[in-house]
Amino acid sequence: MPAPRGPRIGSKKPQPHQLGAMPPDRAPQAAPPSAVLYTRQGCHLCEDAKAVLLRYGLPVAEVDIDAEPELVTRYGTCVPVVVIDGRERFRGRVSEVLLRRLLHRHIR
């Protein structure tokens, strides 16, 4: 029986990118979710909400509710309203803690 062979001197375990995987700095990133901000002129909370969404890298589509009577009926004075990936997520202030959780779940 041949003697068991130990590791060769100078041999290294191959890195994942050497096995065909992309290196961590070149791995594809998940696209940010889409965000719709229902707003109206002169709404300071709407400006704050937009700033938070942009700070977290979300592309924001703004919709002025006063331009559509149906939206005025739906939201009234309860703006801003933030819809992320088709689901209403925030009314009034945007909670950064909850936003981070949503984004963390999105990139998993």
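The values are calculated or read from the model by the stated rules, or taken from the named source; none is laboratory data. These numbers were taken from a predicted model, which means no experiment stands behind them. Please note: Cβ atoms are built from the backbone with ideal geometry, for glycine as well, and neighbour counts cover all protein chains shown. Quick note on the areas: whole protein, heavy atoms, side chains included, nothing else; ligands and nucleic acids left out. Shrake-Rupley method; radii C 1.70, N 1.55, O 1.52, S 1.80 Å.
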Scan the range 82-97 and report the pairs whose first residue is of a type in the set (Lys, Arg) and whose second residue is assigned to a strand (DSSP E or B), with Cβ atoms within less than 7 Å and a gap of 6+ or a chain change. 89/82; 89/83; 91/81
Which ones in the range 65-82 are open to solvent by 100 Å² or more (accessible area, probe 1.4 Å) and either within 10 Å of residue 39 (Cα to Cα) or assigned to a strand (DSSP E or B) (or both)? 77
Determine the pairs where a residue that is over 14 Å from residue 75 (Cα atoms), located within the range 30-44, has a partner that is among the basic types (Lys, Arg) and not in a loop (DSSP other than H, G, I, E, B) with Cβ atoms under 9 Å apart, the partner being 6 or more residues away or on another chain. 35/89
Test residue 52 against the stated conditions and say whether it is assigned to a helix (DSSP H, G or I) and modelled with pLDDT of 95 or more. yes
